[in-house]
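The values are calculated or read from the model by the stated rules, or taken from the named source; none is laboratory data. These numbers come from a predicted model, not from an experiment. As a convention, Cβ positions derive from the backbone with ideal geometry for all residues, glycine included, and neighbour counts pool all protein chains shown. Only protein heavy atoms, including side chains, enter the accessible area calculation; ligands, DNA and RNA are left aside. Shrake-Rupley method; radii C 1.70, N 1.55, O 1.52, S 1.80 Å.
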Amino acid sequence: MSSVEEGDLVARVEGAAGIIRLNRPKAINAVTLEMFREVAKALDRFEADPGVAVILLEGAGERGLCAGGDIRALWESSKVNGGLGKTLWREEYILNARIKTFPKPYVAFMDGIVMGGGVGLSAHASHRVVTDRTKLAMPEVGLGFFPDVGGTWLLSRSPGEIGTYFGLSGQTMNGPDAIHAKFADAVVPAAKWPELREALTRVRQGATAAEVSKLIEGFATGETAGPVAAKQPIIDALFGFDRMEDILAALERDGSEFALATLKTLNEKSPRGMVVTLKLLRLARASSSLEECLVREYRAALEVFRSDDFREGVRAAVIDKDRKPAWSPPRIEDVTPEMLAPYLAGIGADELKFN
């Protein structure tokens, strides 16, 4: 069957596995609203099918699991004050929460590029497999946004200030660093994936999460920390503040090669996006559930959708690709508490609710 016939999402049963394949390889499997809906339908079907013992999420093509959500469509809708953000994020976040509590083992194959919406579909899974090719990132602050899809929950659970660093800088994690940051569970070389995949389609009916973990471990390298993990002490010292001004000042004071390179990266991001991100990360640290963080992220996302920074960030990175966003306001010190407040305010009847 050709990919044209199969459509943007393939959902089928192979042996004991319910396969969910994101099928837009030319767009590195960027996820549309329709694809999120198809994933939800597939989960309904697989949950009800007693012959399906395990769910397996994968991406078509060689480049990665998923480069994120359909940013261009959101940008177009935002420009005309449309409703796509409100609808897409609501359904996506509800799906993210469902994945975390799905009653059958859910294995996410996080090969190649895994960003944004792709993280939401994979990093809440019960079994998260990264590879020697994994490039995982939450680069949303560079788009005038913040790490959503439960990203604030995940990043706030990373050890020390590693999550603060990854969330603000948008830097990429390799497979072992994704495990260190608690975004993944096992590194399996990409070359071994076909064999592991085949084994997963043959697990017994009613297989437990522990049995699936043991199967995956048989293919894993055992790596648990990458190059960024080695910088944990300096990251903890430089990012352990609750105000962006203090983090930037600490980086400048430190003056090391790492600190100055990080400072340069942060200076390219949306000042408003960084302030919102840091606030959401600190609130997430005190939260007791993914759902609590998703409710907060949904409020902030709707505010972002209305903002010039989001449209400008997407324009500079995705539309015109000039990499020269004109942020509003342009400096951290100009982001006032009054600007921050709407991102955190309740939204009444529009609040995100989980069934």
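Here the accessible area is traced with a 1.4 Å probe on the protein chains. For region 166-256, carbon and sulfur cover 52 percent of it. In a fully extended conformation the segment linking PHE354 and ARG37 would gain 112.6 nm over its present Cα-Cα distance, using 0.36 nm per residue.
Simple point charges give the picture: +1 on the Cβ of Lys and Arg, -1 on the Cβ of Asp and Glu, and for region 94-223 a dipole about the Cα centre of about 420 debye. Ranked by the mean number of other Cβ atoms within 10 Å per residue, highest first, peptides 230-236, 29-35 order as 29-35, 230-236.
Rounded to the nearest 500, the helix-only mean residue ellipticity at 222 nm of the chain stands at -13500 deg cm²/dmol, with each DSSP H run of n ≥ 4 adding -39,500 (n - 2.57). Converting phi to 3J(HN,Hα) with the Karplus coefficients 6.51, -1.76 and 1.60 and the offset θ = phi - 60°, region 226-231 yields x, x, 6, 4, 5, 9 Hz in sequence order, with x at every glycine or proline. What the phi angles of region 181-196 give under the Karplus curve with 6.51, -1.76 and 1.60, with θ = phi - 60°, is a coupling list of 7, 6, 9, 8, 10, 8, 9, 10, x, 3, 5, 8, 4, x, 5, 5 Hz, glycine and proline written as x. Basic side chains Lys and Arg get +1 at the Cβ, acidic Asp and Glu get -1 at the Cβ, and with that the dipole of the chain about its Cα centre reaches some 280 debye. Residues VAL39, VAL228 ordered from highest to lowest accessible area at a 1.4 Å probe: VAL228, VAL39.
Looking at region 194-228, which trypsin sites (Lys or Arg not before Pro) are in a loop (DSSP not H, G, I, E or B) and have at most 11 other Cβ atoms within 10 Å?
Those satisfying the criteria are ARG204.
Under 12 Å from the Cβ of ASP242, count the other residues' Cβ atoms, weight Lys and Arg +1, Asp and Glu -1, and hand me the total.
Net of charged neighbours comes to +1.
Among the GluC sites (Glu not before Pro) in region 62-105, those placed in a DSSP loop whose Cβ has at most 11 other Cβ atoms within 10 Å are GLU62. Over all pairs of different C-alpha atoms in the chain, the reciprocal of the mean inverse distance, the Kirkwood hydrodynamic radius, equals 20.6 Å. For the listed residue pairs LYS192/LYS321; LYS26/LYS135; LYS41/LYS104; LYS26/LYS182; LYS41/LYS79, the alpha carbons are over 25 angstrom apart in LYS192/LYS321; LYS26/LYS182; LYS41/LYS79. Label-to-label distance for GLU217 and GLU333 is 5.4 nm, based on points extended 7 Å past Cα in the beta-carbon direction.
Report the trypsin sites (Lys or Arg not before Pro) located in region 299-338 that are in a DSSP loop and have at most 14 other Cβ atoms inside 10 Å of their Cβ, or state none. Loop-located and lightly packed - ARG306, LYS321, ARG323, ARG331.
Only one residue of SER77, GLY163, PRO271 has its Cα farthest out toward the positive end of the dipole of the chain, where Lys and Arg carry +1 and Asp and Glu -1 on Cβ, and that residue is SER77. Counting every pair of alpha carbons in region 9-128, the share spaced more than 19 Å apart comes to 43 percent. Per-residue Karplus couplings for region 115-122, computed as 6.51 cos²θ - 1.76 cosθ + 1.60 with θ equal to phi - 60°, are listed in order as 9, x, x, x, 5, x, 7, 10 Hz, Gly and Pro entered as x.
With each label modelled as a point 7 angstrom along the Cα→C-beta vector, the ALA225-ASP246 pair spans 2.6 nm. Calculated accessible area for the chain comes out at 41 Å² per residue, all protein chains present (probe 1.4 Å; ligands, DNA, RNA ignored). Dimensions of region 203-355 from C-alpha coordinates, computed as largest minus smallest value along each principal axis and given longest first, are 57, 49, 36 Å.
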